[in-house]
Amino acid sequence: MSTLLLRLGAPLQSWGTTSRFVRRNTDRAPSRSGILGLLAAAQGRRRTDPLEELLDLRIGVRIDQPGQLERDFHTARSRDGATSMPLSYRFYLADAVFAVAIEGEYALLEGVQQALRRPVFPLYLGRRSCPPAGELLYGIHQQSAAELLAQHRWLASPWVQKSHRRPTVDLDIVTDCAPGTDGAELVQDDPISFDPQHRRYGWRTIHIGHVTIPNPVYQPARAGAAEPHDPMAAFEGIA
């Protein structure tokens, strides 16, 4: 089985599966519906088009950099300024990074990879105001999604890796799994249709696990050596 690896990083992301009315929440990790929507946009599928073979893809997410939850108090008025729209709260993940493994047939993944290189519609991470930043594609690997997420190098931002002064890092992973798996959870996040007039989502089973991987920038301190002074360290991590 083949797996396509993506790095989803941006100043802001928002992956809502429980948003209702004036409160637009975000999950702590990318949703299956959001990821498949990203792929469909790259391929040029319109919201009313069937998702077809994309629904057969299996998805795993590793939370390489959890980011910080931010709330936006949102106001809006009609174009002429005469009418006030309902006030709303919109939640985002700031400065988060995720490793996303998409498992499926090689020919399908190769087509998806080419579409992501030259997308038909703009790509965004949950909302139109959240375009991806940095390198997106990390190639197709001959491993399962779970194996790839357990072995691939840490994709967090350099300043996060540098500030983690340990040889390894523990990361959470969210993967599709079979019903009845120990510790499995049900979430209504399997897209059936993105049609604005009749959006439909089915239930899927996920498993939340943990992996430990090396910190690629870790360097053990020498005995008796003073820690080097970095005058910019106080500003690292400020979004």
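We did not get these values from a lab; they are worked out from the coordinates using the rules stated. Source: prediction; values computed, not measured. Note that we place each Cβ from the backbone using ideal geometry, even for glycine, and neighbour counts take in every protein chain shown.
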* Just subtract the alpha-carbon distance of Trp203 and Arg79 from 0.36 nm times their residue separation and send over the number in nm, one decimal. => 40.7 nm
* Structure fact -> Between the modelled labels at Tyr89 and Gln188 (7 Å from Cα along Cα→Cβ) the distance in nm is 2.1 nm
* **Euclidean distance of C-alpha centroids, segment 3-62 and segment 135-181, integer Å** => 18 Å
* Asked: Which chymotrypsin sites (Phe, Trp or Tyr not before Pro) from segment 17-96 combine a DSSP loop assignment with at most 11 other Cβ atoms within 10 Å?
  -> Phe21
* Structure fact -> For the chain, the dipole about the Cα centre with charges only on Cβ (Lys and Arg +1, Asp and Glu -1), to the nearest 20 debye, works out at 820 debye
* What is the Å³ per residue value for the convex hull set by the Cα atoms of the chain? -> 160 Å³
* To do: Could you work out which residue, out of Arg204, Arg77, Arg24, moves most in a Gaussian network model of the chain, that is, has the largest mean-square fluctuation with Cα springs under 10 Å?
  => Arg77
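Roughly what % antiparallel, to the nearest 5, for the DSSP beta bridges in segment 1-124? Write down the numbers at each step before the final one.
Working: 27 of 29 bridges.
Here the share of antiparallel DSSP bridges comes out near 95 percent.
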* Structure fact -> In cubic angstrom per residue, the convex hull of segment 57-155 built on its Cα atoms measures 139 Å³
* Where in segment 135-152 does the amide nitrogen come within less than 11 Å of the point 7 Å from the Cα of Tyr106, taken along Cα to Cβ? -> 141-143
* Asked: Under a no-solvent Debye model with one identical scatterer per Cα of segment 12-85, what's log10 I(q)/I(0) at q = 0.24 Å⁻¹?
  -> -1.14
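I want the local charge near Tyr218. Using Cβ-Cβ distances under 10 Å, sum +1 for each Lys or Arg and -1 for each Asp or Glu among the other residues.
Numbers: positive: Lys162, Arg165, Arg166; negative: none.
Cβ neighbours under 10 Å give a net charge of +3.
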